[in-house]
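Just below is one structure, and these are the notes that go with it.
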Amino acid sequence: MQFYVDSANLSDIRHAASLGFLSGVTTNPSLLAKEDPSLDVKQIIKEIHASVGGHCSVEVNSTDTDGMLREADEILKWFPEATIKIPMIPAGLSAVRRLAQQEIPTNVTLIFTANQALAAHNAGATYVSVFVGRLDDISTEGIQAIRDTAEIWDLHSLDSQIIAASLRHPLHVLECARAGAHIATVPYKVLMQTLNHPLTTSGVQAFVDDYKKMMAAKS
Ligand code: E4P
């Protein structure tokens with residue numbers, strides 16, 4: 001399972017990308033709205049893309065097909081490798097089909113069921129983003145949507161990629177990998193939490209201390 005960072009914060013994205021295990025970044029309008037509102041969205045997106053170098057999903061804000069296609073054209077002028085993130089609504093599926101016909105990669109977002117994921121796949125989506133945390137928030141087991149989707153993808157050898165999204169803690173990441181998600185898009189804080197273990201921290205400290213003692217004994 002690959003890791004993407006789910007963020008619009010440039011310094012977090014740059015740090016995560018510098019660690020060498022990241023394959024991409026996803027943004028959305030709410031993540032961008034958390035950043036300095038005076039910043040130019042086009043400029044931030046271009047810098048985010050340059051910082052990560054891999055996959056970069058950029059979401060449209062329109063809710064009608066023509067508006068989404070116009071926004072996709074604009075985003076592709078910013079950088080032609082962009083993956084266009086489209087909401088899982090009927091007008092979105094039409095936009096996905098039109099973009100797929102032009103071989104433009106799409107990431108269908110706000111998917112909460114395997115049926116929605118299948119519809120997005122059939123419209124021609126390159127990626128289907130299945131949300132976990134927002135289902136947990138309404139007392140529905142979010143991981144089950146990943147399990148159902150991955151089982152169907154496996155059964156029918158579907159080639160679009162399942163992105164586990166809306167992840168809130170390291171156990172979500174673990175469960176998504178076990179369930180068969182191809183990619184987890186993870187908030188920066190959770191990404192850092194997945195790297196840490198107290199026994200790793202204390203183990204490194206013990207090795208450093210013992211090495212110092214050994215060097216001191218030799219001198
Ligand atoms: C990523 O593609 C999604 O937009 C994101 O993971 C949503 O996360 P949230 O449910 O925490 O807002």
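From the list ALA8, ALA17, the lone residue that is touching a residue at least 12 places away in the same chain (Cβ under 8 Å), outside any helix (DSSP H, G or I), of a type in the set (A, V, I, L, M) and open to solvent by less than 40 Å² (accessible area, probe 1.4 Å) is ALA8.
Please tell me if ALA117 is over 22 Å from ALA184 (Cα atoms) and buried (at least 18 other Cβ atoms within 10 Å of the Cβ). So ALA117 does not fit the description; no.
Filtered by the rule that a residue be open to solvent by less than 10 Å² (accessible area, probe 1.4 Å) and more than 14 Å from the ligand (Cβ to nearest atom), the range 154-174 gives a lone residue, SER160.
So that you can scan it fast, the table gives a plain yes or no per residue for (1) surrounded by 15 or more Cβ atoms within 10 Å (Cβ to Cβ); (2) within 12 Å of the ligand (Cβ to nearest atom); (3) assigned to a strand (DSSP E or B):
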site: VAL130; (1), (2), (3): yes, yes, yes
site: SER139; (1), (2), (3): no, no, no
site: ASP148; (1), (2), (3): yes, no, no
site: THR200; (1), (2), (3): no, no, no
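What are the residues in the range 73-98 that are among the aliphatic types (A, V, I, L, M) and either more than 20 Å from the chain's Cα centre (by Cα) or within 19 Å of ALA119 (Cβ to Cβ) (or both), if any? Answer for the range 73-98, where residues must be among the aliphatic types (A, V, I, L, M) and either more than 20 Å from the chain's Cα centre (by Cα) or within 19 Å of ALA119 (Cβ to Cβ) (or both): ILE84, ILE86, MET88, ILE89, ALA91, LEU93, ALA95, VAL96. Can you work out which of the residues in the range 21-66 that are of a type in the set (S, T, N, Q), open to solvent by 70 Å² or more (accessible area, probe 1.4 Å) and more than 17 Å from ASN107 (Cβ to Cβ) is farthest from the ligand (Cβ to nearest atom)? Residue satisfying both the conditions and the ranking: SER38. The number of residues in the range 68-82 being of a type in the set (D, E, K, R) and either in contact (Cβ under 8 Å) with a residue 60 or more places away in the chain or in a loop (DSSP other than H, G, I, E, B) (or both) comes to 1. Among the numbered criteria (1) within 13 Å of the ligand (Cβ to nearest atom); (2) basic (Lys, Arg); (3) in a helix (DSSP H, G or I), which one does ARG97 miss? Here ARG97 meets the rest and fails (1).
The values are calculated or read from the model by the stated rules, or taken from the named source; none is laboratory data. Worth saying up front: this structure is predicted, and the values here are computed from it rather than measured. In this analysis, Cβ positions are derived from the backbone assuming ideal geometry, glycine residues included, and neighbour counts consider all displayed protein chains. To get the accessible areas, we keep the full protein, side chains included, count just its heavy atoms, and leave off ligands, DNA and RNA. Shrake-Rupley method; radii C 1.70, N 1.55, O 1.52, S 1.80 Å.
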